[in-house]
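Q: Here it is, the structure in full.
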Amino acid sequence: MSKNVLFLTGTRADFGKLKPLMFAVEDEPGFNCRIFVTGMHTMAKYGYTVDEVYKSGFKDVHVYMNQILGEPMDLILANTIGGLSRYIHEHRTDMLIVHGDRVEALAGAIVGAINNILVAHIEGGEVSGTIDELIRHSVSKLSHVHFVSNEEAANRLIQMGENNESVFVIGSPDVDIMLSNNLPTLTEVRQRYDIGFEEYGIVLFHTVTTEKDDMFRQANELISALVKTNKKYVVIYPNNDDGNEHIFLAYDAIKEHPNFRLFPSLRFEYFLTLLKQAQFIIGNSSAGVREAPIYGVPTINLGSRQQNRVTSSSIINLPCERAAIINAINQVEFLLPIKQCYHFGTGKSTEEFLRVLRGEETWKISKQKQFIDATAMGKARISKIS
């Protein structure tokens, strides 16, 4: 009997990361790929990116709107649990795959664990700032199989009591896309999104939920600094986290400014091409600390959102203050050239992921989890990145 593998996607970012794995399962004999689409994908304000899922050509896509604008994260969590629970009770699911640290991933892990479905977590074991880290570790504790980006993440999961037999280092799946030869050209990107800038920086600034009362000040400091530099910027909307209305309020000052192009969302492959050719990326997105170093693009990382993430010579960490930001932008060219960093994989994640799914032992992993004392286990038995 074929294995039914259900992917849960709630954002433009996690869909970009999961897409190569989805295609691999779709094409693999003996497996059925199903996709549960929810979250920001269903919201017009963020570009209604469910259309991108449909355009990718997957055969089995289910869409569930889990929120309206302004609903708090805990209610979004509850809504997602309700919708996903109804779905899995109507559609037999052998494995439920979630990604990262969003509330949709937490909902998926809860539903899967309670219903004795094998839950696989992509990119667990990592550290960051804010509520994201709490959610990520909670998802890991509710998951049975772990596909992680590097050995540090694997060892953190073992430290958390996870079984080393269920931890596999495959790298980050989006690196497969980043290093492929199938990205659009910069000319194609400029034409699709009507971007006339020859040189530009990318701006991605999200809410720090534990600092949401300070987000307008931080966003205003950022925007004031960017305007002062008189450079060109491609700005992508923040995630739909609590407090993002303060960021949108600050962005009102640049809606008609000729040096700025604002977008609710960009198709992942097109974003990667823009990133690869950017002068720098600025804000507090994980793209600045994960993806940008792979391309050797400088990052100006602001505030605490990516606190404790891996760093490299291409990353400048700053408080969100106008004078410091201006100074960093003026100095960023002196970081070049930057050696590319492959801390999150070498582009073979899909191959490693499929190898694990094909293994009979994977499907025998117990759904009755036990806490494993890390001091007795040693290092992870991991799927090495070749």
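The values are calculated or read from the model by the stated rules, or taken from the named source; none is laboratory data. Computed from a predicted structure; not experimentally measured. So basically every Cβ, Gly included, is an ideal-geometry build from the backbone, and we count neighbours across all protein chains shown. Heads up: the accessible areas ignore ligands, DNA and RNA and are worked out on the full protein's heavy atoms, side chains in. Shrake-Rupley method; radii C 1.70, N 1.55, O 1.52, S 1.80 Å.
Q: If Thr273 satisfies every condition in (1) free of Cβ contacts under 8 Å to residues at least 40 places away in the same chain; (2) among the hydroxyl-bearing types (Ser, Thr, Tyr); (3) in contact with a helix residue (DSSP H, G or I) (Cβ under 6 Å, 6 or more places away or on another chain) but one, which is the exception?
A: It is condition (1) that Thr273 fails.
Q: While we're here: Just one of the numbered conditions (1) open to solvent by 30 Å² or more (accessible area, probe 1.4 Å); (2) in contact (Cβ under 8 Å) with a residue 60 or more places away in the chain; (3) charged (D, E, K, R) is not true of Asp14; which one?
A: Condition (1) is where Asp14 drops out.
Q: Scan the range 250-309 for residues that are closer than 27 Å to Pro20 by Cβ, polar (S, T, N, Q) and over 19 Å from the mean Cα position of the chain (by Cα) and jot them down.
A: Residue satisfying the conditions is Gln277 alone.
To keep it simple, each residue is scored yes or no on (1) in contact (Cβ under 8 Å) with a residue 40 or more places away in the chain; (2) over 20 Å from the mean Cα position of the chain (by Cα).
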| residue | (1), (2) |
| --- | --- |
| Leu21 | yes, no |
| Met40 | yes, no |
| Met43 | yes, no |
| Gly47 | yes, no |
| Glu71 | no, yes |
| Ile81 | no, yes |
| Arg92 | yes, yes |
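Q: With the requirement that a residue be of a type in the set (D, E, K, R) and closer than 16 Å to Lys17 by Cβ, what does the range 112-146 give you? Spell out how you get there, then give the answer.
A: Of the residues in the range 112-146, the ones of a type in the set (D, E, K, R) are 123, 126, 132-133, 136, 141.
The answer is Glu123, Glu126, Asp132, Arg136.
Q: Moving to a separate point now. Looking only at the range 190-211, which residues are among the charged types (D, E, K, R), open to solvent by less than 80 Å² (accessible area, probe 1.4 Å) and touching a residue at least 24 places away in the same chain (Cβ under 8 Å)? Full working, then the answer.
A: As a first pass, look at the range 190-211 and keep what is among the charged types (D, E, K, R): 190, 192, 194, 198-199, 211.
Imposing the further condition that a residue be open to solvent by less than 80 Å² (accessible area, probe 1.4 Å) reduces the set to 190, 211.
Glu211, the sole residue that qualifies.
Q: Restricting the range 111-134 to residues that are farther than 21 Å from Phe168 by Cβ, among the aliphatic types (A, V, I, L, M) and in contact with a helix residue (DSSP H, G or I) (Cβ under 6 Å, 6 or more places away or on another chain), which is most open to solvent (accessible area, probe 1.4 Å)?
A: Among those that are farther than 21 Å from Phe168 by Cβ, among the aliphatic types (A, V, I, L, M) and in contact with a helix residue (DSSP H, G or I) (Cβ under 6 Å, 6 or more places away or on another chain), it is Ile131.
Q: If you go through the range 55-100, how many residues are within 24 Å of Leu134 (Cβ to Cβ) and open to solvent by less than 20 Å² (accessible area, probe 1.4 Å)? I'd like the intermediate steps shown before the answer.
A: Residues of the range 55-100 within 24 Å of Leu134 (Cβ to Cβ): 66-67, 70-85, 96-100.
Narrowing the set further to residues that are open to solvent by less than 20 Å² (accessible area, probe 1.4 Å) leaves 66-67, 76, 80, 83-84, 96-98, 100.
Residues meeting the conditions: 10.
Q: Which numbered condition in (1) in contact with a His (Cβ under 8 Å, 6 or more places away or on another chain); (2) assigned to a loop (DSSP other than H, G, I, E, B) is the only one that Val139 fails?
A: With respect to (1) in contact with a His (Cβ under 8 Å, 6 or more places away or on another chain); (2) assigned to a loop (DSSP other than H, G, I, E, B), Val139 is out only on (2).
Q: Separate question: If I ask for residues that are under 16 Å from the mean Cα position of the chain (by Cα) and not in a loop (DSSP other than H, G, I, E, B), which ones from the range 147-172 would you list?
A: Selection gives Phe147, Val148, Ala153.
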